[in-house]
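We did not get these values from a lab; they are worked out from the coordinates using the rules stated. Because the structure is a prediction, the values reported are computed rather than measured. Glycine also receives a Cβ, built like all others from the backbone with ideal geometry; neighbour counts cover every protein chain displayed.
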Amino acid sequence: MSKVKPELDLPDLEGRGVRRLWPQRWRWRISVVLALLIALAATFAWLTRERIAGNLIDDALTQNGLEASYEIESIGTQQQVITNLVVGDPELPDFTADRVVLDISYTYGPPEIGRIELLRPRLYGSFSDGQLSFGNLDKLLFAESEDPAGLPAYNVKLIDGRAQIASEYGMIGVKAEGAGRLDDGFTGKLAATAPGLGLEGCAASSATVFGDLTSSAGRLSFDGPLRLREATCAAGRVATVDVGAVLTLASDFSSVEGDLALSASALSGTDAKLSALAGSLDLAWAFGGELSLRHELIGEELETPVGQAASVGTSGTLRSRENFTRNEWTANLRGSGFDASRLLSGLGLVEARAAGAGTLVGGLLDNFSAGLSGGLSGGEFAGDVSLRTTKSNIRLVIPEAQLSSAGGETLIALSQVSYSSATEVQPELLAGNILTGGPQLPQINARVRQTGTGLSLRMTMAEYRAGG
């Protein structure tokens, strides 16, 4: 068995008999040497301050692969100020700033850039063939990274910021101001204008955006109006469009959601006109190819070749998946204040009545025209619809729909109506029930079914007579 060694007797450090390790005469010599070293270090740091600052800024530019030039205005241990910053070709720069103030943050490693203040920054870009580019800055903005996408945690103050984007659809100008940490706490203003904006056969005299820009928990939000003036396309025109938008971008830039309040005037298409359109839309759009859109819309003074309506409306939901190759729209449709004068003319009833005057057919047509005109005048329509589309098929379902007179009598009622376009494995299909009625109109109950080129119709009709 090993023996435990006895503890050593430690000297009494407070005893008067302890010998001083550092003689008194050395203390002042060491103090003088340390003071000289500190003074030399301070002098060296002051003489090389511009090189140190340059290294910090150059390192940030080099790490992001940016070619830039600038001038140093002032150097300090806590702040550096540079002016006349130019990124890219000086003749055609991608980014400039009159003045940049960098607050320096010190950590256990080398100093880092903290708060950034940009005075009159200018950003120049282009949009062509579906690609957005900011020249030399693409290396920074669109670089591949293993880190998740998101707003950087930079504390930024933006003073009179501008951007200009040249696109094949027109020039877009942007102005922005604000301050705060970009990923959480930024508050600012955003404005954009695009005079003469055009898009695939369409053009607008002006398009503007203005609103508040804020960030919270990595999510960027916009709250403000979007305005469009004199927009024309080959198939239609709209005089004004005003949209109150509240939109929020996901923290990983993968989706956007928000509420839209729509107001438009003087809309026209190939065969229809609408004096006004207003309503709300709730949007959830995943950029991977999924869209959900709830809508509540009301139109006023609809005009078509076959008739007019004082009011029309729709409420429902549109859902799209798989890059908009699979779509489903379910909605309730309604209209009121119908004027059937154009419908009677469009059906040729006026000419038919004149040709059959004095005959049994003429009498039946007189009765039918009177009943149809009286029933549709001021009438109402309401119905439910479901429309589904894929790459190869269209399917329409009308569970129930009804056209009523101003007095509430049913003129036409549809139920269990379904249509499916032809596919590789099935022919075109159509089926549904039709019920007609109303004063001076024939009472018909019919069942229609079509498969491919074959059509079957089963119906019953009550006695219908002239003058009856």
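Only Cα pairs under 8 Å and at least 6 apart count here; give the relative contact order of segment 150-211 as a rounded whole percent.
After rounding, I find 28 percent.
Let me have the relative contact order for segment 175-332, percent, based on Cα pairs under 8 Å that are six or more residues apart. Please list the in-between numbers first.
Working: 435 pairs, mean separation 19.3, N = 158.
That works out to 12 percent.
Modelled label-to-label distance, Glu71 and Asp242, 7 Å Cα→beta-carbon offset: nm?
Simple spin-label model gives 4.7 nm for this pair.
With the Cα gyration tensor of segment 235-322 giving a ≥ b ≥ c as the square roots of its eigenvalues, does the rule (a/c under 1.5 for rounded; else a/b larger than b/c for prolate; else oblate) give rounded, prolate or oblate? Each step should come with its number before you reach the end.
Details: a/c = 2.52, a/b = 2.17, b/c = 1.16.
Since a/c reaches 1.5 and a/b is larger than b/c, the shape of segment 235-322 is classed as prolate.
Which distance in nm do the two modelled labels at Ser386 and Asn323 give, with both placed 7 Å along the Cα-to-Cβ direction?
2.8 nm
From the backbone phi of segment 219-229, what are the Karplus-calculated ³J(HN,Hα) couplings (6.51 cos²θ - 1.76 cosθ + 1.60, θ = phi - 60°) in whole Hz, Gly and Pro given as x?
Whole-Hz 3J(HN,Hα) from phi for segment 219-229: 9, 9, 10, 10, 9, x, x, 10, 10, 10, 10.
What is the extension gain from Ser167 to Ser377, computed as 0.36 nm multiplied by their sequence separation minus the C-alpha to C-alpha distance, in nm to one decimal? The partial results should precede the final answer.
Details: separation 210, 0.36 × 210 = 75.60 nm, distance 5.01 nm.
Length gained between Ser167 and Ser377: 70.6 nm.
Separation between the Ile444 and Cys233 pseudo-spin-labels, each 7 Å from Cα along Cα→Cβ, expressed in nm?
Going from the Ile444 label point to the Cys233 one covers 3.5 nm.
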